[in-house]
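Some notes on the structure that comes next.
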Amino acid sequence: MRLPAGACYNARVRPESVYLDFAATTPVDRRVLDRMAPYFEDTFGNPSSIHGWGQQAEAALEEARATVASVLGCAPEEVLFTSGGSESDNLALRGTAFAERERRGAAHILTSPVEHDAVLRTAEQLERVHGFVLELLPVDGHGRVSAEDLAQRIRPDTAVVSVIYANNEIGTINPIAELAAVCRARGVPFHTDAVQAGSQLPLHVDKLGVDLMSLGAHKFYGPKGVGALYVRRGTRLLPAQTGGSHERGLRAGTPNVPLIMGLAAALEIVDEEREAHNGRFARHRDQILTEVVRTVPLARTTGHPTERLPNHASFVLHQVDGNQLLAALDLAGYAVSSGSACKTGDPEPSQVLLALGLSPAWALGSLRVTVGRTTSEAGVDGFLTALPPIVDRLRRAERS
Ligand SMILES: *Cc1c(COP(=O)(O)O)cnc(C)c1O
């Protein structure tokens, strides 16, 4: 099978299809769904209303906030609810950048080239439209930012520093506590995008030392369209969405109570069960990392060898078109991805992979395999058997 670049590929889920793309999204846990259900129909009030329905909804909202706060180790009023990871990232960057410029004229933004687009594109817009100066921190060949590099580049007029906790494309975990300590010493707010980390890594905000942290529920078996932003007390933030005084005036809009209940329930479950799942995830991950490199010629792993998400294996395959590989694997019954959930068929190498120093001939053949709660040994074995002949076929088709 040969797909022209940019072709629309009509994929179908079949009963035997194996999902190995948990970094893109996760199914909603049945227990989470059950916790959400009453808030669509019975406890449907607007938390801002004075009457009983309103107060019921308000009580639910505050219960969810307390649950999230207890997982993060913070006060409930330090938790804001948003429409997802992207909005949390947007609010963290825009909110701090505008507030710090207003307060002390700070107009320098430091972030990394391996951020999710929700951070990077926001920082770019702050530069292009709003006159901030954007500087990207260097990363090493595994996509890690170092505290030394941050200490050298942070300035008195730095408004905010943002570094991703665990990368969605290559799984690399950043030394967040060290980076946060550098910012704390200079009085600069530090944000981390923990959306990908949420399902597997510790989220205690005081141990991490962060001032702002983004989460998105659909990456940890909660519903899509809901997220949270942790904002440390004393951190100044201008609202990006203005209107009513919801969320302490920092995020206008009637809160989506059922989805927020789902986020809180999912986070509570993930926090309780994290250790139980991570061991199994890591065994699958290590098998995938080892076997792909062993059985596929000219395949390399990307990301850090040890400081990486337990469920995350990622590769580049030389002279293979990543999108064609994903389509061929999907036809064979395996849903994987190339790193970011982008399916435009646009043959542009990912910025994250280029930042690692990979040439386009390698970076275009990216493959990400992420496991989750429903992954079975048979599914992983099947994938590992299916992959080598598919890569071989695509490479031969490319040459002929
Ligand atoms: C998925 C993801 C986002 C975006 O979150 P949404 O809830 O889908 O908006 C942001 N950052 C990272 C690292 C992600 O993996």
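The values are calculated or read from the model by the stated rules, or taken from the named source; none is laboratory data. Remember, it's a predicted structure, so these values are computed and weren't measured experimentally. With ideal geometry, Cβ positions are generated from the backbone for all residues, glycine too; neighbour counts draw on all protein chains shown.
Before moving on, here are some points about what is shown:
- Condition met for His246 (modelled with pLDDT under 95 and surrounded by 19 or more Cβ atoms within 10 Å (Cβ to Cβ)): yes
- Considering the conditions (1) part of a loop (DSSP other than H, G, I, E, B); (2) more than 16 Å from the ligand (Cβ to nearest atom), Pro113 is excluded by exactly one of them, (2).
- Residue match in the stretch 254-266 (condition: in contact with a helix residue (DSSP H, G or I) (Cβ under 6 Å, 6 or more places away or on another chain), within 28 Å of Thr302 (Cα to Cα), more than 16 Å from the ligand (Cβ to nearest atom) and at pLDDT 95 or above): no
- Test: Ala240 is modelled with pLDDT of 95 or more and among the small types (Gly, Ala, Ser): no
- Filter result (within 16 Å of the ligand (Cβ to nearest atom) and surrounded by fewer than 19 Cβ atoms within 10 Å (Cβ to Cβ)) within the stretch 25-38: Thr25, Pro27, Val28
- Candidates Pro297, Pro223: the one that is at pLDDT 95 or above, of a type outside the set (Lys, Arg), in a loop (DSSP other than H, G, I, E, B) and within 16 Å of the ligand (Cβ to nearest atom) is Pro223.
- Checked against (1) touching a Ser or Thr at 6+ places or on another chain (Cβ under 7 Å); (2) at pLDDT 95 or above, Asp286 passes all but a single condition, namely (1).
- Only residues that are surrounded by 20 or more Cβ atoms within 10 Å (Cβ to Cβ) and within 15 Å of the ligand (Cβ to nearest atom) were counted in the stretch 226-243, giving 5.
- Spans of strands (runs of 3 or more DSSP E) in the stretch 136-217 with at least 1 residues crowded, with 24+ Cβ neighbours inside 10 Å and either in contact with a Gly (Cβ under 8 Å, 6 or more places away or on another chain) or outside the structural domain of Ile109 (by TED's automatic domain parsing) (or both): 190-193, 212-216
- Among the candidates Ala57, Ala118, Ala123, Ala75, the residue that is at pLDDT 95 or above, surrounded by 15 or more Cβ atoms within 10 Å (Cβ to Cβ) and away from the ligand (no atom under 16 Å from the Cβ) is uniquely Ala57.
- Residues satisfying the stated conditions in the stretch 254-297, i.e. under 22 Å from the mean Cα position of the chain (by Cα) and among the β-branched types (Val, Ile, Thr): Ile260, Ile269, Val270, Ile288
- Flag if Asp89 is within 30 Å of Arg395 (Cβ to Cβ) and in contact with a strand residue (DSSP E or B) (Cβ under 7 Å, 6 or more places away or on another chain): no
- Of all residues in the stretch 178-218 being of a type in the set (D, E, K, R) and in contact with a strand residue (DSSP E or B) (Cβ under 6 Å, 6 or more places away or on another chain), the one that is farthest from the ligand (Cβ to nearest atom): Asp211
- Scope the stretch 140-159; condition within 16 Å of the ligand (Cβ to nearest atom) and of a type in the set (Val, Ile, Thr); matching residues: Val145
- Just one of the listed residues (Val292, Val320) is crowded, with 17+ Cβ neighbours inside 10 Å, in contact with a strand residue (DSSP E or B) (Cβ under 9 Å, 6 or more places away or on another chain) and either in the same structural domain as Val68 (by TED's automatic domain parsing) or not in a helix (DSSP H, G or I) (or both), namely Val320.
- Gly45 vs. criteria within 15 Å of His246 (Cβ to Cβ), over 23 Å from the mean Cα position of the chain (by Cα) and exposed (fewer than 15 other Cβ atoms within 10 Å of the Cβ): no
- Of all residues in the stretch 189-201, those that are closer than 9 Å to Leu309 by Cα have Cβ atoms under 8 Å from Cβ atoms of residues that are more than 8 Å from the ligand (Cβ to nearest atom) and part of a strand (DSSP E or B), 6 or more apart or on another chain, in Ala197/Ile173; Leu201/Ile173.
- When the stretch 132-161 is filtered for residues that are under 22 Å from Leu208 (Cβ atoms) and either of a type in the set (Phe, Trp, Tyr) or in contact with a Lys or Arg (Cβ under 8 Å, 6 or more places away or on another chain) (or both), the ones remaining, listed by number, are Leu137, Ile154, Thr158, Ala159.
- Flag if Asn174 is within 30 Å of His218 (Cβ to Cβ), within 16 Å of the ligand (Cβ to nearest atom) and in contact with a helix residue (DSSP H, G or I) (Cβ under 9 Å, 6 or more places away or on another chain): no
- Here Ala23, Ala69 are screened, and the one residue that is assigned to a loop (DSSP other than H, G, I, E, B) and touching a strand residue (DSSP E or B) at 6+ places or on another chain (Cβ under 6 Å) is Ala23.
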